[in-house]
Amino acid sequence: MTAPSRFAAALRITLISAAITAVPGLAHADWRKAETRHFVVYSNGFERDLRDYAIELERIDQLLRTWFALPEQQDERRLPVYIVRNRTDLGIVAPELPERIAGFYSANFRDIRAVAVRAEGDETLRHEYGHHFMFRNFPGAYPAWFREGFAEFFSTATVSPAGRAAVGKTPFNSVRVLNNLRWLPMEAVLGGPPNLQDGRETAAFYAQSWLLTHWTLTDPDRRGRMEKYLADTARGVAIDTALRTHFDMDAEQLGRTLRAYLDAGPRYAELELGAASPALTTSALPDSANEVLLLDINARDGGPANQGPAVLDRARQAAERHPGDLLAQSMVARAELRWGDPAKAEQAVQPLLDADPTNVDLLLLMADARITAGDKLTDPEARERLYRQARGFLARAYEADPLEHRVYQSIAYSRRFTPDYPTANDVELWRRAVAIAPEVASNRAVTAEAMLNHGLVDEAEQVIQPIANDPHGRETPARIQRILTRIAEARAGAATSAPAGPAD
């Protein structure tokens with residue numbers, strides 16, 4: 001993927017600012033939400049379309065669980081999914097997205113959600129949900145090709161209203177790339193990630209990753225062999241050794257095998273899921289959603305700094321038009337935290353919290369306001385005083401919802417300047433945050449670092465490995481490499497200091 005020019009980026013920000021200013025004029029369709037077992041889907045289209053979309057997502061989840069014989073988990077948090085009308089709306093949510101992108105998935109410190117353009121981003125949404133599903137259910141040390149191949153394999157899955165499912169249909173773009181671009185050497189694919197600055201290399205990597213995943217997942221014998229291959233390479237076995245051990249071929253032979261597989265026409269699998277419709281409820285959002293919901297999603301993610309003044313000004317005006325409205329006041333509080341004044345964020349939230357003292361989102365916003373204000377201070381005592389106040393709100397949030405991962409990460413984050421950080425309790429806080437929301441990659445690096453400070457080398461490695469080969473990871477490769485180096489040095493030190501065995 002090539003980076004856009006500075007002129008194009010500046011032009012896009014200008015256009016987005018204009019679009020944000022025009023949000024009130026878009027208030028012709030009412031926002032509603034549909035709630036199922038695994039999703040909360042928001043849309044400002046027809047209610048019938050919203051229901052169909054939510055049911056389809058729930059069916060895709062059912063398909064994935066059936067495919068992997070995965071039992072349901074209790075108390076699993078639902079994924080918010082926002083269906084926007086067009087790319088202009090998507091640009092308000094995420095101004096820095098390339099124009100050709102029709103949707104995205106984000107799991108970060110602030111929020112977990114997916115966003116897609118209606119009727120354009122379906123495959124993108126299924127691809128990104130594949131990543132979410134893998135992280136939640138199978139976190140592990142997977143190579144980049146398998147991460148992307150897995151998501152792309154399920155991106156074309158379909159389920160009919162009668163419950164007939166198809167898995168492994170061929171993505172048009174992947175086949176076009178495979179038939180028209182030069183293939184990468186398979187050893188480069190197996191050892192990825194690709195050079196994302198080279199569009200052709202990236203396209204070939206993704207297409208070959210899909211083909212390799214398709215070749216393995218659609219055959220029980222190859223699937224079993226691949227599971228052993230992945231387990232070996234995760235333990236540090238060389239790629240060529242693992243390939244010969246489990247597939248009796250080298251990388252060049254694998255490439256020829258995949259070309260023959262492509263020429264034969266990869267087939268897809270069909271399953272019967274049953275015709276029973278998933279349970280679903282729908283409800284209307286307040287009128288303010290027409291004006292503020294897209295801005296709220298933007299503020300949750302903390303968009304680019306150069307759009308801050310436009311978003312903040314728009315947020316303040318919208319909040320003035322909707323006094324006492326939960327959505328509008330929460331939105332302006334997030335915008336104030338990102339680009340404005342933490343004290344004004346508290347002013348927006350406090351009346352709402354007084355009326356609803358166990359609202360977890362409001363308690364988290366108040367804690368964020370105190371932490372953000374503390375981060376701006378240089379006086380350690382004054383800063384710690386604000387952090388302690390934040391932990392008071394977080395304790396109340398824990399009482400209201402002990403399964404909210406943001407509570408644990410925020411408590412641990414607020415303690416990072418204390419002299420005894422990280423204590424064993426801090427490690428447990430990070431451990432709990434990762435356990436509840438394993439898809440939030442940004443928590444894994446800091447958790448691994450805290451564990452290493454307590455000598456928990458094996459556990460630190462388990463925590464960091466799932467993001468070590470992520471081609472889209474937000475953590476810098478340098479930080480991950482420092483953690484992996486610390487793990488290797490700790491192991492080497494332990495081996496050196498181990499007592500010698502008894503003499504023969």
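The values are calculated or read from the model by the stated rules, or taken from the named source; none is laboratory data. This structure is a prediction, so every number in the text was calculated from the model and none was measured. Positions of Cβ are backbone-derived with ideal geometry, glycine not excepted, and every protein chain shown enters the neighbour counts.
Taking the criterion of being assigned to a loop (DSSP other than H, G, I, E, B) and either more than 21 Å from Phe138 (Cβ to Cβ) or out of contact with any helix residue (DSSP H, G or I) (no Cβ under 9 Å at 6 or more places or on another chain) (or both), the residues of segment 36-74 that qualify are Thr36, Asn44, Gly45, Phe46, Ala69, Gln74. Take the residues in segment 109-145 that are crowded, with 21+ Cβ neighbours inside 10 Å and small (Gly, Ala, Ser), then tell me which one is farthest from Glu459 (Cα to Cα). Taking the candidates together, the pick is Gly121. For segment 429-437, indicate whether the set of residues that are small (Gly, Ala, Ser), modelled with pLDDT under 95 and out of contact with any strand residue (DSSP E or B) (no Cβ under 9 Å at 6 or more places or on another chain) is non-empty. Scanning segment 429-437 turns up at least one residue that is small (Gly, Ala, Ser), modelled with pLDDT under 95 and out of contact with any strand residue (DSSP E or B) (no Cβ under 9 Å at 6 or more places or on another chain). Restricting attention to segment 146-181 and to residues that are closer than 17 Å to Asp219 by Cα and among the β-branched types (Val, Ile, Thr), the residue that is surrounded by the most Cβ atoms within 10 Å (Cβ to Cβ) turns out to be Val167. I'd like to know if segment 70-80 contains one or more residues that are farther than 22 Å from Gln409 by Cβ, crowded, with 18+ Cβ neighbours inside 10 Å and out of contact with any Lys or Arg (no Cβ under 7 Å at 6 or more places or on another chain). For segment 70-80, residues farther than 22 Å from Gln409 by Cβ, crowded, with 18+ Cβ neighbours inside 10 Å and out of contact with any Lys or Arg (no Cβ under 7 Å at 6 or more places or on another chain): absent. Apart from one condition, Ala310 fits all of (1) closer than 30 Å to Leu377 by Cβ; (2) surrounded by fewer than 20 Cβ atoms within 10 Å (Cβ to Cβ); (3) over 27 Å from the mean Cα position of the chain (by Cα); the exception is (3). Condition (residue is closer than 20 Å to Pro286 by Cα, free of Cβ contacts under 8 Å to residues at least 24 places away in the same chain and surrounded by fewer than 23 Cβ atoms within 10 Å (Cβ to Cβ)) applied to segment 367-384: is it met by at least one residue? Within segment 367-384, not a single residue is closer than 20 Å to Pro286 by Cα, free of Cβ contacts under 8 Å to residues at least 24 places away in the same chain and surrounded by fewer than 23 Cβ atoms within 10 Å (Cβ to Cβ). Checked against (1) of a type in the set (Asp, Glu); (2) touching a helix residue (DSSP H, G or I) at 6+ places or on another chain (Cβ under 6 Å); (3) under 23 Å from Glu291 (Cα atoms), Asp341 meets all criteria but (2).
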